[in-house]
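Here is the structure we will look at.
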Amino acid sequence: MHNQTLKALSEALANGQVSSEELTRHYLERIAQHDPQLNSFITVTQEQAMTQARAADQHRAAGKATPLTGIPIAHKDIFCTQGVKTSCASRMLDNFIAPYDATVVAQLAAAGVVTLGKTNMDEFAMGSSNETSFYGPVNNPWDTDYVPGGSSGGSAAAVAARLAPAATGTDTGGSIRQPASLCGITGLKPTYGRVSRWGMIAFASSLDQAGPMTQTAEDAALLLNAMAGFDHRDSTSTDIEVPDFTADLNRPLDGLRIGLPKEFFDQGLDAEVGAVVQAAIAQYEKLGATLVDIELPNTHLSIPAYYVVAPAEASSNLSRYDGVRFGYRCADPMDLEDLYKRSRGEGFGDEVKRRILIGTYALSAGYYDAYYLKAQKARRLIKNDFDAAFQQVDVIMGPTSPNAGFKLGEKAADPVSMYLSDIYTISVNMAGLPGISIPAGMSQGRPVGLQIIGNYFDEARLLNVAHRYQQETDWHAQLPAAFA
Ligand code: GLN
């Protein structure tokens, strides 16, 4: 059953081959059996899942089913879930039970999905390896000595090991696409503003965006249909029509213009990963696409600018964790200042503290112009590069990650080398564009992702381009042997 895509499970539910109760029980059993090797879940909501599954079956019997009714999925532990621990993988929120559902969670629940639990992640979504979690690292199902990527590493590992048919993730600088690449699944980061951020614990508000993590592009389209849409409670949510993302999946690719940025194929790219990506691009030529060499000359500014903008926003967003209103509070504070200092000192991990320090510094009087303002100017140049490129091409392709992953602990002591993991993904967030990573091959037994970047609100095209490739190849259907 777990070898099936979400689409196939949806059909099996519709024609009565399986009930949501059976399906949900099957995945809960898989989690119990296999998650000890992966640590991909922080919380498993067993009882709630079974209750939701029974309700979904009743809904279906009453003739009120949607394509997602009764499908079990997992949520990244960054999304508030009413009555369920929502930790953001931080000691700071280890005791936090969310009093409401995030819009993404509520919309998926309204469409009938069943929540299996909350997935592990880097603390406050800061990281590319899932090693900064308060609950310990996640292992990559393809090789448990390797990281699954991050920050949505738990969601990626859970879907790759088929402990859930799909999961939600969030992407501030690559956190959906990079773990999708390293775990061999499909991960879509929508256009900034496409999906509501309400109830999603904030890291860097001008960059954060939620998206689906699935086996296939078709599954991503089904989930995005329920996730997307204007939300008056998120002031940066865009009031724009939401198409049926499944409608154009089969559109032929004849005449599709694919831009290949020379900056994405430079010396920082692992040779085997580069070869996999080139082979995928050749497949697109066979499907009728034409290749166009392009330049994104300000790509080199994306990491330095991101590591000013994102920490600046994080330092502001994380100031709410003060030990007073909610979250961790230190024992026996001497006075208010001691309460603040020790609660934050003990509640946050090292990477989070590093970001708060960088961000507070960059925003301080006297440095604001030199760092923050300058980074915002670089951000505009990065966006301008993409605007110029999309005058000539329909989509842009390249690698998602510069390598096929790294071992647990390998980069933990070197934050800058970790930051370089997102060299091909961060500029997409800086510009607010949509991007998808799809499995395109293997390198030394580990998956390699192809990244496809689209113009604003062109998710339907990205999903179409990804889907056509998945019709011709079966990289997305491969499953790590230990979890077959
Ligand atoms: N790895 C990047 C960071 O550490 C991006 C994380 C993300 O997208 N949430 O900030």
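Of 157, 166, 161, all but one fail to be away from the ligand (no atom under 13 Å from the Cβ) and touching a Phe, Trp or Tyr at 6+ places or on another chain (Cβ under 8 Å); the exception is 161. Counting only helices (runs of 4 or more DSSP H) wholly contained in region 172-287, the ones carrying 2 or more residues that are within 16 Å of the ligand (Cβ to nearest atom) and under 17 Å from residue 448 (Cα atoms) occupy 177-183. Within region 385-398, the residues that satisfy the criterion of being within 22 Å of residue 305 (Cα to Cα) and in contact with a helix residue (DSSP H, G or I) (Cβ under 9 Å, 6 or more places away or on another chain) are 385, 386, 387, 396, 398. From the list 411, 383, the one residue that fits, being over 16 Å from residue 174 (Cα atoms) and either modelled with pLDDT of 95 or more or in contact with a His (Cβ under 6 Å, 6 or more places away or on another chain) (or both), is 383.
The residues of region 405-427 that are among the polar types (S, T, N, Q) and either touching a Gly at 6+ places or on another chain (Cβ under 6 Å) or more than 8 Å from the ligand (Cβ to nearest atom) (or both), listed by number, are 417, 425, 427. Determine if region 342-357 includes at least one residue that is part of a loop (DSSP other than H, G, I, E, B) and of a type in the set (Phe, Trp, Tyr). Yes, there is a match, as at least one residue in region 342-357 is part of a loop (DSSP other than H, G, I, E, B) and of a type in the set (Phe, Trp, Tyr). Suppose the filter is free of Cβ contacts under 8 Å to residues at least 24 places away in the same chain, on the phi < 0 side of the Ramachandran plot and away from the ligand (no atom under 16 Å from the Cβ); does residue 345 pass it? For residue 345, the condition - free of Cβ contacts under 8 Å to residues at least 24 places away in the same chain, on the phi < 0 side of the Ramachandran plot and away from the ligand (no atom under 16 Å from the Cβ) - is met. Restricted to region 303-330, and to residues there that are assigned to a helix (DSSP H, G or I) and over 21 Å from residue 175 (Cα atoms), the residue that is most open to solvent (accessible area, probe 1.4 Å) is 320. When the test is whether a residue is in a loop (DSSP other than H, G, I, E, B) and over 12 Å from the mean Cα position of the chain (by Cα), residue 124 does not pass it.
Considering only residues of region 119-142 that are away from the ligand (no atom under 14 Å from the Cβ) and at negative phi, which is most open to solvent (accessible area, probe 1.4 Å)? Please lay out each step first, then the result.
First, the residues of region 119-142 that are away from the ligand (no atom under 14 Å from the Cβ): 134-142.
Subsequent filtering for residues that are at negative phi retains 134-135, 137-142.
Numbers: 134: 98, 135: 56, 137: 58, 138: 0, 139: 33, 140: 2, 141: 8, 142: 51 Å².
Here the residue is 134.
Give the residue that is farthest from residue 78 (Cα to Cα), with candidates limited to residues of region 143-154 that are out of contact with any Cys (no Cβ under 9 Å at 6 or more places or on another chain) and open to solvent by less than 10 Å² (accessible area, probe 1.4 Å). In this case the residue turns out to be 147.
Among the candidates 318, 363, the residue that is away from the ligand (no atom under 16 Å from the Cβ), among the aliphatic types (A, V, I, L, M), in contact (Cβ under 8 Å) with a residue 40 or more places away in the chain and out of contact with any Asp or Glu (no Cβ under 6 Å at 6 or more places or on another chain) is uniquely 363.
For region 47-82, the set of residues classified as more than 22 Å from residue 124 (Cβ to Cβ), open to solvent by 30 Å² or more (accessible area, probe 1.4 Å) and free of Cβ contacts under 8 Å to residues at least 40 places away in the same chain consists of 47, 51, 54, 55, 57, 58, 61, 62, 63, 64, listed by residue number.
Out of 365, 389, 375, 370, report the one residue that is open to solvent by 70 Å² or more (accessible area, probe 1.4 Å) and either touching a strand residue (DSSP E or B) at 6+ places or on another chain (Cβ under 7 Å) or of a type in the set (A, V, I, L, M, F, W, C) (or both).
Values: 389 fails: open to solvent by 70 Å² or more (accessible area, probe 1.4 Å); 375 fails: open to solvent by 70 Å² or more (accessible area, probe 1.4 Å); 370 fails: open to solvent by 70 Å² or more (accessible area, probe 1.4 Å).
Exactly one of 365, 389, 375, 370 is open to solvent by 70 Å² or more (accessible area, probe 1.4 Å) and either touching a strand residue (DSSP E or B) at 6+ places or on another chain (Cβ under 7 Å) or of a type in the set (A, V, I, L, M, F, W, C) (or both), namely 365.
The values are calculated or read from the model by the stated rules, or taken from the named source; none is laboratory data. Because the structure is predicted, anything quoted here is derived from the model rather than measured. When we count neighbours, we look across all protein chains shown, and the Cβ atoms used for this are built from the backbone with ideal geometry, even at glycine. Protein only, heavy atoms only, side chains kept; ligands, DNA and RNA dropped before computing areas. Shrake-Rupley method; radii C 1.70, N 1.55, O 1.52, S 1.80 Å.
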